[in-house]
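Visitor: First, the structure itself, so that you have it in front of you.
The values are calculated or read from the model by the stated rules, or taken from the named source; none is laboratory data. If you're wondering where the values come from, they're calculated on a predicted model, not measured in any experiment. Note that each Cβ is placed from the backbone with ideal geometry, even for glycine, and that neighbours are counted across all protein chains shown.
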Amino acid sequence: MTQIAKDILYIGVDDTSLDLFESQYVVPEGMAYNSYLIMDERVAIMDTSDRRKGEEWLHKLEVALEGRKPDYMVVHHMEPDHSSHIAAVVEKYPHIQVVGSAMALKFLGQFAPGLKFNARPVKEGDILELGQHSLSFFAAPMVHWPEVMVSLDTATGVLFSADAFGKFGALSKCGFFGEEDKDWACEGRRYYFNICGKYGPQVSALLKKIPLDQVKTIAPLHGPILRKDLGYYLNLYSTWSSYGIESEGVFVAYASIHGGTEAVALKFADMLKAKGCPKVVVTDLCRTDRAEAVEDAFRYGKLVVAACSYDAGLFTPAHDFLHSLQAKGYQKRSVALIENGSWAPSAGRVMKEMFGAMKDITLVGDLVTIRSRMKEEDIPALEALADAILA
Ligand code: FEO
């Protein structure tokens, strides 16, 4: 059993056969459902795991307890990937106190109807004394559900950060402490923007109220336990939660039916490079993981969308992408648009409407309309649009 700090054991589990996390995100490296046990004068279980891993998680708990009876079941987040075995714990240890926000305890009643448990509601500022360790609670509403709390063990500086600072990937794949992980940010970013992206202000507010100088280890509910270079992770979260630009460059996203729009997008990307753009990233929205495209849209400060017209509207993969951006709170970015249409181009109109409903989006240059295939006479308008997005 791995100890992450004095008296604090990791009892989480890897899930390497999961097809889709939250039934929507591909996780080629699997997923970790992190959970911890604090073995002090009083024993606290910190969250549980997804129902897929019940037997394994309960076995790890029993081994780690070494015959002791737990006093507290601490619930930071009631989403079922972390709360699925609370009922089993309560049934096995009926005296246990379930510690969580009032809303978390209410949710427990919804997820486990009829479960009788000893509720110990906590609110921001409350402290749970375990002996040597004491847990100080901070409300973290909408990071990523409204009932979420995080807690800081003041004895060790371990921050139990709930979904914050999580990452896709099983620990057996990405490393237990993530210290050999060359690119935590890649899957950490895809996770952040797709899980918490909409709630940047709430994430920022949480970062401001935690005494970060006391934090020595971040113990999230997913992904590696972070204990080195914490400034690196905190800086990324500061940029991400404020919708800041992480990398200079342009993200070109296209959705093409028969290749005509793809040819325009690739030509446009070449123009950007020829004009000295430091980084141009191109993605095919029909074939790329949409969560990855969302992540890249947030990463760069400038976005170009090239899409076909379809059913008098916008080709579905582009429509889905823009809808995802809307849903995740996409903002503070410059956007350029290219549409294709053979008889009644309609993609540009829909894209303008959708971006118009987003916050602080600047549509730059003039919409470029391609009729079926890019022609020589389209080049000046594309050049002008490239100049506009790079300006
Ligand atoms: Fe990992 Fe919001 O649950």
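Visitor: Scanning the range 190-225 for residues that are small (Gly, Ala, Ser) and in contact (Cβ under 8 Å) with a residue 60 or more places away in the chain, which turns out farthest from the ligand (Cβ to nearest atom)?
Guide: Of everything passing the filter in the range 190-225, 200 is farthest from the ligand (Cβ to nearest atom).
Visitor: So if I check each of 76, 133, which one is buried (at least 20 other Cβ atoms within 10 Å of the Cβ) and either under 26 Å from residue 192 (Cα atoms) or at pLDDT below 95 (or both)?
Guide: 76
Visitor: Give the range 6-38 a look and list any residue that's part of a strand (DSSP E or B), buried (at least 18 other Cβ atoms within 10 Å of the Cβ) and of a type in the set (A, V, I, L, M), or say none.
Guide: Correct list: 8, 9, 13, 31, 32, 37, 38.
Visitor: While we're looking at this one, here's another question. Across the range 264-289, what is the number of residues that are assigned to a helix (DSSP H, G or I) and touching a residue at least 12 places away in the same chain (Cβ under 8 Å)?
Guide: 8
Visitor: Let me ask you something else. Tally time: how many residues in the range 99-147 are of a type in the set (A, V, I, L, M) and over 27 Å from the mean Cα position of the chain (by Cα)?
Guide: So the answer is 5.
Visitor: Which members of the range 291-328 meet the condition of being of a type outside the set (A, V, I, L, M) and more than 20 Å from the chain's Cα centre (by Cα)?
Guide: 302, 308, 309, 310, 311, 313, 315, 316, 317, 319
Visitor: Residue under question is residue 258, and the condition is that it be over 21 Å from the mean Cα position of the chain (by Cα) and either among the hydroxyl-bearing types (Ser, Thr, Tyr) or part of a loop (DSSP other than H, G, I, E, B) (or both); does it hold?
Guide: yes
Visitor: While we're looking at this one, here's another question. Identify all residues within the range 154-176 that are at negative phi and in a loop (DSSP other than H, G, I, E, B); write none if there are none.
Guide: Hits for the range 154-176 are 154, 155, 156, 161, 163, 164, 166, 167, 168, 170, 176.
Visitor: So for the range 1-15 (the condition being polar (S, T, N, Q) and either within 13 Å of the ligand (Cβ to nearest atom) or under 22 Å from the mean Cα position of the chain (by Cα) (or both)), does at least one residue qualify?
Guide: No: zero hits.
Visitor: Do the conditions hold for residue 348, that is, is it over 24 Å from residue 248 (Cα atoms), surrounded by fewer than 18 Cβ atoms within 10 Å (Cβ to Cβ) and within 32 Å of the chain's Cα centre (by Cα)?
Guide: no
Visitor: Would the range 216-230 turn up any residue that is among the β-branched types (Val, Ile, Thr), crowded, with 21+ Cβ neighbours inside 10 Å, assigned to a loop (DSSP other than H, G, I, E, B) and in the same structural domain as residue 9 (by TED's automatic domain parsing)?
Guide: yes
Visitor: Looking at residue 155, is it small (Gly, Ala, Ser) and more than 13 Å from the ligand (Cβ to nearest atom)?
Guide: In short, yes.
Visitor: Going by the structure shown, is residue 278 modelled with pLDDT under 95 and away from the ligand (no atom under 16 Å from the Cβ)?
Guide: yes
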